[in-house]
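Q: Below is a structure I'd like to ask you about.
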Amino acid sequence: MATSAGDWCLIESDPGVFTELIRGFGCNGVQVEEIWSLDPEIFENLKQQMFEFDEKMAKKDDDVFHFVGYLPIDGRLYELDGLKDGPVDLGPVSADGDWLDVVRPVLEKRMQKYSTDEIHFNLMAIVSDRKSMYERRIQELTTQIEDSGMETDSVQSQINQLHLLIQDEELKMKRYKVENIRRKHNYLPFIMELLKILAEHGQLLPLVEKAKEKAAKKKEEKEKKEQAKQTS
């Protein structure tokens with residue numbers, strides 16, 4: 001860990017990590033989703049409760065990341081930056097307006113600091129628990145059928161689609177669980193034993209040299225690309 005990170009524990013910016021983390025704190029009914037676009041329809045589908053902007057603020061070889069949150073409180077939009085002394089008031093959110101329309105240009109401005117081929121951040125949102133939402137919708141449609149005494153193909157199709165979405169969420173949460181177990185597992189004994197076996201069979205040094213050559217080639221290609229940008 002870089003010395004500039006101090007005594008802070010570096011957390012991987014992954015929706016599975018944060019979903020398990022906040023649920024471990026006892027915060028139920030929500031999950032974290034990664035956002036790949038700032039298009040209005042994406043925002044509409046998510047109905048975010050809070051944005052989290054993970055941004056790299058580093059010099060050269062430093063490994064420094066921090067988190068910036070955006071959320072509406074009492075008609076104002078606030079930015080919560082881990083490197084600032086306190087919340088930053090970004091302005092009003094009208095009573096009849098959508099706070100997502102206010103935060104979108106803020107996010108766009110921040111993202112425009114980087115060139116199109118650089119990835120120095122990722123964007124996530126805290127949203128309502130998807131599985132619970134789909135289950136509530138199924139209950140609403142089921143009640144609608146019972147009250148009307150009619151079951152239309154359209155309603156049944158919606159219910160079937162919601163069941164598929166629930167299955168997707170369950171599979172996603174299982175994948176998150178497996179990935180998080182792997183993140184927390186101590187692989188050091190396995191790595192040390194593997195290196196020892198490779199050394200005993202005379203395969204370790206050739207692999208090291210091959211890795212060095214690959215790294216050197218990758219560095220050379222990167223330098224060529226940078227030179228090409230400067231001359232263009």
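The values are calculated or read from the model by the stated rules, or taken from the named source; none is laboratory data. Everything quoted here is computed from the prediction, not taken from an experiment. With ideal geometry, Cβ positions are generated from the backbone for all residues, glycine too; neighbour counts draw on all protein chains shown.
Q: Whether any residue in the range 129-150 is of a type in the set (G, A, S) and in contact (Cβ under 8 Å) with a residue 60 or more places away in the chain is what I want to check.
A: Yes, that holds for at least one residue.
Q: Sticking with this one: Let me spell it out: the conditions are (1) in a helix (DSSP H, G or I); (2) touching a residue at least 40 places away in the same chain (Cβ under 8 Å), and K212 meets all of them except one. Which number is the exception?
A: (2)
Q: Further, regarding this structure: Answer yes if at least one residue in the range 143-152 is surrounded by 11 or more Cβ atoms within 10 Å (Cβ to Cβ), at pLDDT 90 or above and either assigned by TED's automatic domain parsing to the domain that holds N28 or assigned to a helix (DSSP H, G or I) (or both), and no otherwise.
A: no
Q: List the pairs whose first member sits in the range 84-99 and is surrounded by 10 or more Cβ atoms within 10 Å (Cβ to Cβ), whose second member is assigned to a loop (DSSP other than H, G, I, E, B) and modelled with pLDDT of 90 or more, and whose Cβ atoms are under 8 Å apart, counting only residues at least 6 apart or on separate chains?
A: P92/G75; V93/G75; S94/G75; W99/V93
Q: Restricting attention to the range 219-230, does a residue exist that is over 26 Å from T19 (Cα atoms) and not in a helix (DSSP H, G or I)?
A: no
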